[in-house]
1. Which one is nearest to ligand 2 (Cβ to nearest atom) among residues in region A:450-474 that are crowded, with 23+ Cβ neighbours inside 10 Å and either under 17 Å from A:Asp520 (Cα atoms) or within 14 Å of chain B (Cβ to nearest Cβ) (or both)?
2. I'd like to know if region A:525-537 contains one or more residues that are under 26 Å from the mean Cα position of the chain (by Cα), within 16 Å of ligand 1 (Cβ to nearest atom), closer than 26 Å to A:Ile234 by Cα and touching a residue at least 40 places away in the same chain (Cβ under 8 Å).
3. When region A:140-165 is examined, which residues are found to be surrounded by 21 or more Cβ atoms within 10 Å (Cβ to Cβ) and within 16 Å of A:Asp316 (Cα to Cα)?
4. Would you pick out the residues in region A:65-97 that are part of a loop (DSSP other than H, G, I, E, B) and either assigned by TED's automatic domain parsing to the domain that holds A:Glu386 or within 17 Å of the chain's Cα centre (by Cα) (or both)?
5. Quick one: in region A:25-59, of everything that is touching a residue at least 60 places away in the same chain (Cβ under 8 Å) and part of a loop (DSSP other than H, G, I, E, B), which residue is farthest from the other protein chains (Cβ to nearest Cβ)?
6. Cβ-Cβ below 7 Å, separation at least six or inter-chain, first residue in region B:91-115 and free of Cβ contacts under 8 Å to residues at least 40 places away in the same chain, second in a loop (DSSP other than H, G, I, E, B) and acidic (Asp, Glu): which pairs?
7. Of the numbered conditions (1) touching a residue at least 40 places away in the same chain (Cβ under 8 Å); (2) more than 16 Å from A:Glu180 (Cα to Cα), B:Lys68 fails exactly one; give the number of that condition.
8. Name the residue that is surrounded by the fewest Cβ atoms within 10 Å (Cβ to Cβ), counting only residues in region A:183-226 that are small (Gly, Ala, Ser) and within 15 Å of ligand 1 (Cβ to nearest atom).
Amino acid sequence: MACSILLFILSYRVYTRIPTLCMYQYNDNDQTIIEERVVQFRGQTERFLKGELNEDQFRALRLMNGLYIQTHAPMLRVAGPYGLISAKQLRKLGDIAKNYDKGYAHFTTRQNIQFNWPELAKVPDILAELATVQMHAVQTSGNCLRNTTTDHLAGVCKDEIEDPRPTCEIIRQWTTFHPEFAYLPRKFKIAVSASAQDRAATQFHDIGVHIVKNAAGEIGYRILVGGGLGRTPIIGEEIRPFLEKKHLLSYLEAILRIYNLYGRRDNKYKARIKILVKETGMETFRQQVEAEWNAIKDGMELSDARFAEIKAHFTDPAYDKNAAADTSFAAHLEQNSAFATWIKFNTKEHKMDGYRAVFVSLKAPDSPPGDITDACLYAVADLADEYSFGEVRSTHRQNLVLADVKQADLYALWQKLSALKLATANIGTATDIICCPGLDFCALANAGSIDVVKEINQALDDIDYIHDLGDIKINISGCMNGCAHQSVGHIGILGVDKKGVEWYQITLGGSSENEAAIGDRLGPSVARDEIVPAITTILEVYTEQRQEEESFLTTVKRVGMTPFKEKVYANH
Amino acid sequence: MQIIKDKQIVENTYRYLADDESLSNGNITVSLARWLQEKAQLLSHNGQVGLRLTIEDDVTLIADDLNKIALLELNFPAFTDGRLFSRAKLLRIRFGYQGEIRAVGNFMLDQVFYLSKIGVNAFHLNNEEQLPVALATLDDFSISYQ
Ligand code: HEM
Ligand code: SF4
């Protein structure tokens, strides 16, 4: 929130270069579709306000346009297609936060952006504004095909087989306004990963697409199905080990058709595809899908030309070949330990020598996780233009990434981010918490979550201690719908309701990465005033129990629940 | 009563024939049960035959008869139930059905566009006054990705 004071400093920046974007740019067709959508939704909203559409009908229609009705006001979820946002788009989000909301926006765990206070009658105007920068809220909620997500380091990390973004874009187009799959039993989420390290939680998606290489060296897809979080967290299972790239859409279509036809519609808590797969059994489910796929695949092949055309949007930006020759970076690292720490935690190595990917932490101790002010949106847009080819990404843990920063620029960028309070060196640590809106905004909540995060931050106000704890993922949800993925947090906190009082259940050992696991319950839930002490106790037990460099997750696996349980419940 | 058919508002020419009603001349719709029992008589009557399908009906039972049936009515149990979207699509692509597919029952006019994209070419709305609006929605999108 300190951003406004600093905005004038940043406005001194010189527009030295307006970068050419290396992300998908709408063609005329894309633009036409999105503009026609705005007109369509404006008509639907007007008919609702005139009483020509009833609540139920309008609910289905507005949800498919990202519009929830919440505790205080509607909530509008804007799509961030696989997390890519241009500086221009970020400024537009800033405008919307400023003009239609209370001056801030919220980044979600699925790379989308939420506004908590728009006025229903003005939503069509917001959509019209978004359409001017190739953005929309299409299918960001409702029982339909949702925004496809991927690795926030796509295209710049060292460990990927190929850039997953063209695949994401092909899926984005196919899912957008798919006429057959708009009234599914339940929502449907697809995530794509192309690297050894899964940073997109693909094992917890309805479909996980892994870009893989087979024994013959050909690149294709490994397809997982039936993963999901929410009330019944389930790890996705492999349905096909290798799919030729040309068959991507026919295979997805076959899975969706089987799901649409046979998924349960009698009980919304059993309606996700994970339940269908479990109840049918993977073998039978696979046979059904493959039979359908065999019938449609020849008519739906993707040509090499199509891949090439999409791929052409994701060329490398104009990297400086001599970026690694810079010596100032090493000097700053040596002279400034705060900078060195930030580099260690908030930046990642890059496929190009002399570049790093920079995380913009939206987890400052006193700010709700994932929230960002309009002033900061503008400021980050400017920083993206200045230092990272005009592009920003949002991450699955509710932070932002400037993916292509030259090492020579890191020091200046760090200073500017610090002034904006966006440089808390806590990425991947105990205060990089995923948090849902909880009682503050959500009508379904049992318990508050944002304040618990704030108190955890207060309890852990020693950054050296946080760094010493290392890689710890704490996730907190206000109810069992699990929007903040508590079941796969290394430490999961779940708000439960006991006779109208807020209680919290703790799980340990979950993970949404390669070693996917659902956390185990530590014991009985704890009261509101005990939850923060319980978390600090768990962290202390870890520091006592760990061997050498052992991570929190490894320690939990090795020592089990007992030592944690004993200390947390010692006074009961 | 009017309906939308092939992008026009036209008069419905079919009469609903209840299972216990005797056969009469002219276009009629019948239930699947009646079709299975009286196929021969139905086909020899003077007029076309349409089938009223519910969500429970198994279309494979009539796979071989489809070229003799001029109309298939798909009766939506609830607008949120998307199964008929896939069924309609399969009738066209898997069973090669060429006749009229008409949506009836509990769907809403805001679904008419999508339904038109997957092979439904006729719409019977519960509220006839909405026909002009529904017709206009057929032009909501000029382009599609699929
Ligand atoms: C405040 C309004 C919100 C409401 C009413 C809401 C409601 C829900 C419900 C009912 C579910 C369970 C769906 C199911 O299991 O089928 C769910 C899941 C989820 N929500 Fe939210 N949510 C809200 C905000 C958020 C926010 C702010 C985020 C991101 C930070 C989010 C991300 C998710 C995710 C990732 C899931 C898990 C989906 C899965 O199982 O794969 N939601 N939400
Ligand atoms: S987890 Fe529950 S409380 Fe939190 S946002 Fe989701 S539905 Fe609301």
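1. Looking at the filtered set, the residue picked out is A:Ile474.
2. Scanning region A:525-537 turns up no residue that is under 26 Å from the mean Cα position of the chain (by Cα), within 16 Å of ligand 1 (Cβ to nearest atom), closer than 26 Å to A:Ile234 by Cα and touching a residue at least 40 places away in the same chain (Cβ under 8 Å).
3. A:His152, A:Leu153, A:Ala154, A:Gly155, A:Val156, A:Cys157, A:Pro164, A:Arg165
4. Within region A:65-97, A:Gly66, A:Ala79, A:Gly80 meet the criteria.
5. A:Gln25
6. Listed pairs, sorted by first residue: B:Phe113/B:Asp140.
7. Unmet for B:Lys68, out of (1) touching a residue at least 40 places away in the same chain (Cβ under 8 Å); (2) more than 16 Å from A:Glu180 (Cα to Cα): (1).
8. Going through the qualifying residues, I end up with A:Ala201.
The values are calculated or read from the model by the stated rules, or taken from the named source; none is laboratory data. These numbers were taken from a predicted model, which means no experiment stands behind them. Note: ideal-geometry Cβ built from the backbone for every residue, glycine included; neighbour counts use all protein chains shown.
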